[in-house]
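Rule-based calculations on the coordinates, nothing more; no lab input. Remember, it's a predicted structure, so these values are computed and weren't measured experimentally. Here the Cβ positions follow ideal geometry from the backbone for every residue, glycine too, while neighbour counts run over all protein chains shown.
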Amino acid sequence: MNTTIFNQADSRWGGLPYPKRSDVAGSGCGLVSLTHIAIEQPSKKKWTPKKLRKYMIDHGYAVDGQGTKWSGITAGLKHLGHDKVVWIQSKDPMSKAWKELNKGDRIGVLLFGAGKGPDGTVWTSSGHYIMFAKYKIKNGKHWFYLKDSGPRGNSGWKCYEKSMAGCLPQMWIVKKTVADRFAENARRFAWYKKDELKNARYPEGHAKPEYKAALDKYFGKKRAWQTSAKKGASCDVFVATAIRATGIDKDAPRGLGRSYFNKSDKFKMVKVTPSTIQDGDIISIIWKNGNPHWCLAFNGYILEASLKGWYPKRTNTLKSRLSKSGKQSAVVYRAK
């Protein structure tokens, strides 16, 4: 999840017209909610409300005194690459929403109406869009992680039954993009924080529990591999497990080769430069000794495992890795 939360009144865009007499600060909650959706995608993580504003205005989805049309939320989501948009309206039972959300990897936009939640939470005096970046069920209750761009700042985990029931006339739900889900899984499987990197050393350390569980689930517990690879300390095993866990290819082989990616219709080759590589991109390197190596890009760093060396972890910066490996030996693949 991208942790950035934009404020619609930010001086960088709050005073911009939306579309003419109104401005983003007063009427741009729908615009900013869609921007929050956009930055969940690796290719759009640097977007701001300025980037999407022109599209919304040019296509007639911004209305003075009203903000963003309902149809503009649907169109905006599709513009961002979410072809299937599930629209929950006031006439629909909440069971329809729960059924879709329980499929997992869902994000979306909530429209709040005037009034207070059961616990007295005030969401808006008229209407207000808020993006949700996560969803979970805890103790039988439904929870949303909200990114509120408005002055009330109702961001963070909020319980539907306690704070939101009766206040949601509309809801739009979409599935995260493949690239976003793949990057999240890679990050989830790798030791990342500075104080936990010591856990990655093989054989003294151990694989992250999430990674071990994925290995067992997608490759079976009785893996007839050499010991370090069987335990997950192997570059190709790490990448293949992330591919399978994301659902890109349930049959991705443990012994990855460039021929697999070149023949696959699920990946494409992209240019090898730090500025064009995105989170979740797969980097194939041939070391000077001729040995192949596989790693993943995430937030400007490399995520990788090493045979008999270490379990998946964060290592070099992307820039330094490309410099050390030599651009001529690196090939980058991206999930479609």
| remark: For region 24-176, inverting the pair-averaged 1/r of distinct alpha-carbon atoms gives a Kirkwood value in Å of 15.5
| So what is the diffusion coefficient of region 78-121 in µm² per second by Stokes-Einstein at 25 °C and 0.890 mPa s, using a Kirkwood Rh over Cα pairs? | 194
| request: With everything on Cα atoms, drop me the angle between helix 178-189 and the longest principal axis of the chain, reported from 0 to 90° to the nearest 10. | output: 60
| note | Sequence order, region 286-302: Karplus ³J(HN,Hα) from phi using 6.51 cos²θ - 1.76 cosθ + 1.60, θ = phi - 60°, Hz rounded, Gly and Pro as x, gives 10, 5, 4, 7, x, 6, x, 8, 10, 8, 10, 8, 7, 6, x, 10, 9
| remark: trypsin sites (Lys or Arg not before Pro) in region 1-94 lying in a DSSP loop, each with at most 14 other Cβ atoms within 10 Å of its Cβ, come to 12, 20, 21, 46, 84, 91
| task | Starting from the Cα of residue 152, step 7 Å along the direction of its Cβ; do the same at residue 134; then give the gap between the two resulting points in nm. | result | 2.3
| Globularity ratio of region 1-89, using Cα Rg and 2.2 N^0.38 Å | 1.02
| field | Semi-axis lengths (Å, descending) of the ellipsoid that matches the C-alpha gyration tensor of region 270-336 | value | 17, 14, 11
| remark: Gyration tensor on Cα atoms of region 98-183, a ≥ b ≥ c root eigenvalues, a/c under 1.5 rounded, else prolate if a/b beats b/c, else oblate, says prolate
| request: Would you mind working out the magnitude of the charge dipole of the chain relative to its Cα centre, with +1 at each Lys and Arg C-beta and -1 at each Asp and Glu C-beta, to the nearest 20 Debye? | output: 960
| said: Apply the a/c threshold of 1.5 to the C-alpha gyration tensor of region 186-228 and tell me whether it is rounded, prolate or oblate. | reply: oblate
| field | Whole-Hz ³J(HN,Hα) from phi, Karplus 6.51 cos²θ - 1.76 cosθ + 1.60, for region 138-145, glycine and proline x | value | 9, 6, x, 9, 9, 10, 10, 9
| field | Between 0 and 90°, nearest 10: helix 29-38 axis offset from the chain longest Cα axis | value | 10
| field | Long-range amide H partners of residue 88 with built H, under 5 Å | value | 171, 172, 173
| Candidates (i) 67; (ii) 54; (iii) 50; which is the computed percent of Cα pairs over 26 Å apart? | (ii)
| field | Rounded to 10°, Cα long-axis angle of helix 209-219 versus longest principal axis of the chain | value | 70
| query | Out of region 270-328, which chymotrypsin sites (Phe, Trp or Tyr not before Pro) are coil in DSSP terms and have no more than 16 other C-beta atoms within 10 Å? | reply | 287
| remark: Averaged over all viewing directions, the convex hull of the alpha carbons in region 242-292 casts a projected area in nm² of 4.3
| field | Hull shadow area, averaged, region 179-335 [alpha-carbon convex hull, nm²] | value | 8.5
| note | Taking every other residue with Cβ under 11 Å from the Cβ of residue 314 and scoring Lys and Arg +1, Asp and Glu -1, one gets +2
